[in-house]
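Visitor: This is the structure, below, for whatever I ask next.
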Amino acid sequence: MRKQKAKRTMMGISMLAVMGITLLTPGTEMNKVKATSTPSDAEIDADATSTSSDMEIVTAPAASPVAIDSTNFPDNAFREWVKLNCDKNSDGQLSDDEIS
């Protein structure tokens, strides 16, 4: 009985050692890192020299007026800052002009 227990223990240790060596061996599936593609120098230069005519600026229309309340500005300190610094006519709302 003792011999069987000792044999199972040795088998378990041996299996763990083999698994550990397999995990640490370069080239095994678990150690392969997928390489990400990096842009070439020509691609980087092409991006750097693109002009504004190549780009389109898209802006979303403002949902004016925007109420200065806890729904739109949940942070109390920021809400107060917006009231003091952005709400020019002190009506509790931000108009298109006040937003831009």
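Visitor: For the condition at pLDDT below 65 and under 28 Å from the mean Cα position of the chain (by Cα), what is the one hit in 63, 48, 42, 77? Give the steps one after another, and end with the answer.
Guide: Numbers: 63 fails: at pLDDT below 65; 42 fails: at pLDDT below 65; 77 fails: at pLDDT below 65.
Exactly one of 63, 48, 42, 77 is at pLDDT below 65 and under 28 Å from the mean Cα position of the chain (by Cα), namely 48.
Visitor: Ok, one more. Go through the range 64-85 and count every residue that is free of Cβ contacts under 8 Å to residues at least 24 places away in the same chain and surrounded by 13 or more Cβ atoms within 10 Å (Cβ to Cβ). Give the steps one after another, and end with the answer.
Guide: So the first thing to find is which residues in the range 64-85 are free of Cβ contacts under 8 Å to residues at least 24 places away in the same chain, and the list is 69-85.
Filter once more, keeping what is surrounded by 13 or more Cβ atoms within 10 Å (Cβ to Cβ): 72-73, 79, 82-83.
Number of matching residues: 5.
The values are calculated or read from the model by the stated rules, or taken from the named source; none is laboratory data. Only a predicted model underlies this, so the values are computations on that prediction, with no experimental measurement involved. All Cβ positions, even for glycine, are placed from backbone atoms using ideal geometry, and neighbour counts span all protein chains on display.
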